[in-house]
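Structure, as structure tokens:
Values quoted throughout were computed directly from the atomic coordinates according to the rules given, and no laboratory measurement underlies them. All values reported here derive from a predicted model rather than from experimental measurement. When we count neighbours, we look across all protein chains shown, and the Cβ atoms used for this are built from the backbone with ideal geometry, even at glycine.
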Amino acid sequence: MVEWKWQRPGGAGSAGSAPAASRPEGGSKKEGGGKKQRESKPVEDLRGVRLQKARVSSRHNPEFTSVEIYQAYAEGARAYADYGDMMTLTEDLVKACALAVCGSPQVSYQGLALDFAQPFRRATMVELVREAAGGLDLEPSLTAAAAAGGGEAAAGLLAEAKTAAEAALVAHADKEVRSSISKVRAAPSVGHLLNVMFEAVAEAGLQQPTFVLEHPTEISPLAKPHRSKPGVTERFELFIYGAAGRATPPRRVAVDYDFITALEYGMPPTGGLGIGVDRLVMLLTDSASIRDVIPFPHMK
């Protein structure tokens with residue numbers, strides 16, 4: 001339910017990413033009683049980007065409350081903060097909030113006992129897929145594809161990885177998991193394929209606090225490439241109580257290169273963190289719906 005993200009771009013500049021809003025719905029909605037169909041029309045934000053109006057679900061609201069944190073300098077021998085510092089900060093914040101609101105680091109949410117007293121698990125996306133998909137290991141393909149840099153070699157690696165991933169889904173007992181086969185076949189890269197498999201087989205099982213690390217570069221355009229592992233980034237997401245459907249549609253935004261250059265001169269390498277306050281409040285108050293915790297819920 002709770003999902004927080006950290007992203008650190010290359011160069012001197014950096015930014016944290018706030019939790020995503022609900023997935024906008026396009027198309028039309030049928031109305032009863034012979035009424036006309038009502039379409040969800042696109043709107044434009046201040047940058048001229050066309051967006052779809054998003055509806056509220058029990059866990060999503062198109063307008064959400066968030067807190068962003070940035071840290072430039074680290075304690076100890078290291079000069080600058082990185083995603084490890086941000087994970088430690090995140091863990092400390094969640095524990096402190098649980099103690100302040102609930103009086104204990106043990107919290108019950110919808111009948112599930114969550115333990116914030118223990119160190120939060122840290123696992124890579126590759127590791128979680130391997131555990132949940134019968135040993136499927138996409139790391140060699142991911143590393144080799146990053147080294148190939150495209151072309152026939154990368155295409156061959158992708159085809160082999162798709163075959164292995166599809167076989168893992170076919171063998172899965174859950175029909176809903178098997179429905180992701182079409183997404184596997186459509187994946188344009190090994191990185192996208194890894195993300196598809198993570199969402200299909202691993203995400204929902206992350207009930208206790210878990211930091212998911214090393215997202216593929218293809219799905220992390222704002223994150224810094226990993227310092228020693230090709231094909232992945234220094235990025236984390238915190239999952240609690242399983243998946244919450246975090247995706248947002250891609251947005252076409254003009255890149256302000258002058259601003260990026262200014263950051264390179266004037267801003268040190270910085271760790272960043274975005275926290276979705278509404279979902280944290282849901283968790284700590286045992287609220288099943290986000291409508292119970294936002295000030296002005298959209299009743300649509």
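Please compute the length gained on full extension between ARG178 and VAL67, using 0.36 nm multiplied by the number of residues separating them and subtracting their Cα-Cα distance.
On the way: separation 111, 0.36 × 111 = 39.96 nm, distance 3.67 nm.
Full extension of this stretch gives 36.3 nm more.
Once you order the gyration tensor axes a ≥ b ≥ c over the Cα atoms, which shape class does the range 149-300 get: rounded for a/c under 1.5, otherwise prolate or oblate by comparing a/b with b/c?
Numbers: a/c = 1.97, a/b = 1.07, b/c = 1.85.
Here the range 149-300 falls in the oblate category.
Show me the ranking of peptides 182-191, 256-265 by mean Cβ neighbours inside 10 Å, starting with the highest.
On the way: 182-191: 17.3, 256-265: 11.4.
Taking the mean over residues of other Cβ atoms within 10 Å, the ranking is 182-191, 256-265.
Using the structure shown, select from LYS162/LYS229; LYS175/LYS224; LYS183/LYS224; LYS95/LYS162 the pairs with a Cα to Cα distance greater than 28 angstrom. Kindly include the intermediate steps, with their values, before the conclusion.
Values: LYS162/LYS229 22 Å; LYS175/LYS224 36 Å; LYS183/LYS224 26 Å; LYS95/LYS162 40 Å.
As for pairs spanning more than 28 Å Cα to Cα, those are LYS175/LYS224; LYS95/LYS162.
Thinking of the range 64-187 as a set of Cα atoms, what percent of all their pairs are more than 21 Å apart? Write down the numbers at each step before the final one.
Working: 4850 of 7626 pairs.
Here the long-distance tail beyond 21 Å is 64 percent of all Cα pairs in the range 64-187.
Once you have a ≥ b ≥ c as the square roots of the Cα gyration tensor eigenvalues for the range 147-228, tell me rounded if a/c is under 1.5, and otherwise prolate or oblate according to whether a/b is larger than b/c.
Values: a/c = 2.51, a/b = 1.13, b/c = 2.23.
Oblate, since a/c reaches 1.5 and b/c is not below a/b.
With only alpha-carbon pairs counted, each pair once and no self-pairs, how large is the Kirkwood hydrodynamic radius of the range 147-191 in angstroms?
On the way: mean 1/r = 0.0896 Å⁻¹.
Result for the range 147-191 stands at 11.2 Å.
In nm, to one decimal, how far is the modelled label at MET267 from the one at GLN106, with both set 7 Å along Cα→Cβ?
Distance between label points: 4.3 nm.
With θ taken as phi - 60° and the coefficients 6.51, -1.76 and 1.60, list the Karplus ³J(HN,Hα) couplings across the range 102-110 in order, rounded to whole Hz; mark glycine and proline as x.
So the Karplus estimates, Gly and Pro as x, are 9, x, 7, x, 9, 10, 9, 10, 6 Hz.
Between rounded, prolate and oblate, where does the range 112-171 land on the alpha carbon gyration tensor, with a ≥ b ≥ c its root eigenvalues, rounded for a/c under 1.5, else prolate if a/b exceeds b/c? Could the numbers behind the result be given before it?
Working: a/c = 4.65, a/b = 1.94, b/c = 2.40.
Oblate.
Report, in debye and to the nearest 20, how large the dipole of the range 111-174 comes out about its Cα centre when Lys and Arg carry +1 and Asp and Glu carry -1 on their Cβ. Please report the intermediate quantities before stating the final value.
Working: 4 positive and 9 negative charges, 32 e Å.
Taking the Cα centre of the range 111-174 as origin, the dipole is about 160 debye.
What's the long-distance tail for the range 63-115, i.e. % of Cα pairs beyond 19 Å?
On the way: 655 of 1378 pairs.
When all Cα pairs of the range 63-115 are counted, 48 percent exceed 19 Å.
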